[in-house]
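Below is one structure, written out as structure tokens; the observations come after it.
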Amino acid sequence: MKEVFCGFDTSNYTTSCAVCDYDGNVIANIKSPLPVRDGERGLRQSDAVFAHVKNLPGVTEKLAEATAGSTAVAVGVSQSPRRVSGSYMPVFLCGIGAAISFAAGAKAPLFGFSHQEGHVMAALCTSGALNEIDPSRFISFHVSGGTTEVLLCSLSGSDLSCERIGGTTDLNAGQLIDRTGVRLGLSFPCGAELDRLCMSVDTSVQPSKTSVNGTDCSLSGLENVAISMIEKKNSAGYVARFIFDSVCETLIKLTRNARSVYGNLPVIFSGGVTGSAYISSRLSGLDACFFTSPEYSSDNAVGIALLARLKYLNEN
């Protein structure tokens, strides 16, 4: 019977399960977004937990279908946002409970990881980077609605280490994009629609002067400029291009500054913001930088399943 590895991840915006095979090929990437009311810019933890409780039966049913005829030999779950002391969000308790039940039914070991490790692992394995780089030392960006961090990473055996070496000092890039989109009348999350609007603009847009100091950045000033542009009746596409160009300039400077300190290391971009077609095309000119597709850059359990596979293979 075919052996597979399963992952669970219950972030603040998506209920997800994933399956990979013995060779690390992704078999299933099952995701169910959490509903957000029109005009809202996110979810309270209590509302997100309730939404996961409603989503999990349908998601796990699809997981059972994806693993039918196979043996789940190991299960992984995201237990916290990051692997640091004090990192905690109630939403992850939903995935932990589901993973414990699934692993018990499969008589398989359960391994815990962080949501951030899952993001980095998913991007590392699905971008083609593993075929081209030495994963023992690389830089990764985790850029999403809840996080904008520069990480010094190392994959050794089954141990993925992610050390924060920089990032935002205020607003996250995903927050900037979503807040701008909501002001433009878009539905949350706004990244995909704002990306399409950005790509539709033919005229050049002057990005704002970026606020970057070494490997740290500030993004809150960009929101103020975007609000002013919207109030002055600039087109939605023009505002979107301004925001995305400014984020790109910030990421380019952070990449160069991180490499000036840590060496000319390969860079793996992870997190939902880096799934933008415009951002990945703008940054593709940087040497040894890797992007994955939107389905693997946004919240998902694929990296968790892949980490469970590595952990199992290294222990058996």
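The values are calculated or read from the model by the stated rules, or taken from the named source; none is laboratory data. None of these values were measured; they are calculated from a predicted model. Note that each Cβ is placed from the backbone with ideal geometry, even for glycine, and that neighbours are counted across all protein chains shown.
List the number of the failed condition for ILE139; all other conditions in (1) among the aliphatic types (A, V, I, L, M); (2) crowded, with 19+ Cβ neighbours inside 10 Å; (3) over 17 Å from GLY263 (Cα atoms) hold.
In the conditions (1) among the aliphatic types (A, V, I, L, M); (2) crowded, with 19+ Cβ neighbours inside 10 Å; (3) over 17 Å from GLY263 (Cα atoms), ILE139 misses (3) alone.
Within the set of pairs 6+ apart or on separate chains, which have a first residue in region 156-173 that is in contact (Cβ under 8 Å) with a residue 60 or more places away in the chain, a second that is of a type outside the set (S, T, N, Q) and surrounded by fewer than 19 Cβ atoms within 10 Å (Cβ to Cβ), and C-beta atoms under 6 Å apart?
GLY166/ASP216
Give the residue, chosen from HIS142, HIS119, HIS115, that is modelled with pLDDT of 95 or more, within 27 Å of ALA192 (Cα to Cα) and touching a Pro at 6+ places or on another chain (Cβ under 7 Å).
The conditions single out HIS115.
Quick one: which residue in ALA28, ALA74, ALA66 is crowded, with 21+ Cβ neighbours inside 10 Å and touching a residue at least 12 places away in the same chain (Cβ under 8 Å)?
ALA74
Could you list, in sequence order, the residues of region 1-15 that are surrounded by 16 or more Cβ atoms within 10 Å (Cβ to Cβ) and either touching a helix residue (DSSP H, G or I) at 6+ places or on another chain (Cβ under 7 Å) or among the acidic types (Asp, Glu) (or both)?
Across region 1-15, the qualifying residues are PHE5, CYS6, GLY7, PHE8, ASP9, THR10, SER11, ASN12, THR15.
For region 267-316, how many residues are among the aliphatic types (A, V, I, L, M), closer than 20 Å to CYS6 by Cα and surrounded by fewer than 20 Cβ atoms within 10 Å (Cβ to Cβ)?
Qualifying residue count, region 267-316: 1.
Checking ASN264 against (1) surrounded by 20 or more Cβ atoms within 10 Å (Cβ to Cβ); (2) over 16 Å from LEU171 (Cα atoms); (3) polar (S, T, N, Q), which single condition isn't satisfied?
Only one criterion is unmet by ASN264, namely (1).
Given the conditions (1) touching a Cys at 6+ places or on another chain (Cβ under 7 Å); (2) buried (at least 19 other Cβ atoms within 10 Å of the Cβ); (3) more than 21 Å from GLN175 (Cα to Cα), which single one is not true for VAL49?
Failed condition: (3).
Output the qualifying pairs, or none if there are none: Cβ atoms under 9 angstrom, residues six or more apart or on different chains, first residue in region 107-122 and in contact (Cβ under 8 Å) with a residue 40 or more places away in the chain and closer than 15 Å to VAL267 by Cα, second residue assigned to a loop (DSSP other than H, G, I, E, B) and aliphatic (A, V, I, L, M).
ALA122/ALA301
Can we say LYS31 is out of contact with any His (no Cβ under 9 Å at 6 or more places or on another chain), at pLDDT 95 or above and over 27 Å from SER293 (Cα atoms)?
no
Would you kindly identify the strands (runs of 3 or more DSSP E) lying entirely within region 1-114 that contain at least 1 residues that are among the polar types (S, T, N, Q) and over 16 Å from the mean Cα position of the chain (by Cα)?
In region 1-114, 70-80 are the strands (runs of 3 or more DSSP E) which contain 1 or more residues that are among the polar types (S, T, N, Q) and over 16 Å from the mean Cα position of the chain (by Cα).
Kindly provide the set of residues from region 1-28 that are among the hydrophobic types (A, V, I, L, M, F, W, C) and at pLDDT 95 or above, ordered by number.
Within region 1-28, VAL4, PHE5, CYS6, PHE8, CYS17, ALA18, VAL19, CYS20, VAL26, ILE27, ALA28 meet the criteria.
Does GLN116 satisfy being within 18 Å of ALA308 (Cα to Cα), among the polar types (S, T, N, Q) and crowded, with 18+ Cβ neighbours inside 10 Å?
In short, yes.
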